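Report on one structure; see the data block that follows.
Only the coordinates and a few stated rules stand behind these numbers; no lab work does. Here the structure is a predicted model, which is why all the values come from computation and not from measurement. Ideal geometry is used to build each Cβ from the backbone, glycine not excepted, and the neighbour counts take in all protein chains shown.
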Amino acid sequence: MNPLVILVAVVAFLTLGGLGFVVAGSGSGDVRVARRARAIAGAGRPEKAATRAKLAQQDAGNRRKQLLQTLKEQDRLQRKVSVSLNARLKQTGLNLSVPQFWIASSLLGVVVVLSAFILRAPPWAALLLGLVAALGLPRWAISFLAQQRRKKFTAHFSDAIDIIVRGIKSGLPVHDCLRVIARESPAPLGPEFQRLVENISMGVAVDQGLERMYERMPTPELRFFTIVLAIQAKTGGNLAEALGNLSAVLRARKLMREKIKALSSEATTSAFIIGSLPLAVVLLVIATTPSYMMVMLTDSRGKLMLLAGAVIEAIGIFVMRRMINFKY
């Protein structure tokens with residue numbers, strides 16, 4: 001073979017190889033540059049992502065704190081409404097102030113103490129009965145009256161919401177629907193809505209009037225109604241549909257209460273029988289053989305035993321009450 005041809009071929013091979021090496025080197029350099037740029041950008045992105053995650057976590061924490069603060073405020077207001085004596089007197093619907101309540105309680109305690117002394121009861125027993133009559137019995141009566149009034153209010157509240165729904169669908173404003181409820185509903189629902197209508201007529205906002213009604217009638221149903229009206233006033237929407245859904249929920253709650261009451265009736269009856277059985281036995285023995293029980297009433301040891309039995313009986317009644325008092 002001609003040496004010149006071989007030399008040309010070698011030179012061409014070396015030239016092409018050099019060009020390929022240059023091209024490959026430049027490509028790998030671009031790749032390295034791109035990789036380095038991505039690495040630099042990637043190194044910054046985790047920091048930004050971490051910063052964003054930290055800010056989002058802080059925002060979530062702030063929202064959580066605000067929500068907890070709101071819930072605590074609502075719980076504090078609820079306790080104030082349910083525990084305050086003035087609020088309880090308002091919930092009974094009686095025109096009775098706190099000083100009048102304490103005066104009536106004191107008079108009742110004095111009457112009970114004097115009656116006990118007239119019946120020749122021991123001084124400690126007379127004072128104990130006076131304290132119970134002055135401090136315990138009036139508060140229990142107030143709580144009982146308020147609870148019964150709330151039950152009557154709740155029993156007809158879903159019907160009142162249905163009146164509002166039908167009135168809105170027929171074109172009546174909410175204020176006229178409230179007037180219809182105040183005029184047609186039985187007590188205590190009608191008088192409470194009558195106060196609400198009067199407050200609105202005097203310039204009080206609807207939400208403020210409902211808050212005042214809630215102080216006199218602290219029920220979850222009224223709270224739901226207040227929330228629905230407040231949301232509708234701020235965001236708009238179909239009020240009739242929202243109140244219709246609320247009425248369905250309230251009726252479902254009422255049905256659930258009745259089911260729980262039916263299912264727990266056996267336990268309630270058993271607790272009543274067990275709680276009243278010791279007292280019934282003592283009264284029966286006193287009625288049939290008084291001499292058998294007089295030792296317990298005259299001897300100091302018998303009195304101590306009766307006192308201990310009364311305390312244990314009260315504890316047992318309290319425990320059974322807690323066991324059968326279902327919250328719904």
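Points to keep in mind about this one:
- Taking the Cα centre of region 150-254 as reference, the dipole from Cβ charges on Lys and Arg (+1) and Asp and Glu (-1) amounts to some 320 debye.
- Globularity ratio of region 230-274, using Cα Rg and 2.2 N^0.38 Å: 1.95
- Set Lys152/Lys261; Lys90/Lys259; Lys152/Lys259; Lys151/Lys261 screened for pairs whose C-alpha atoms are more than 23 Å apart: Lys90/Lys259
- Furthest towards positive pole of dipole, Ser106, Leu131, Ser170, structure part region 72-230, Cβ charges: Leu131
- Label point distance in nm, Ala308-Ile324, each placed 7 Å from Cα along Cα→Cβ: 2.8
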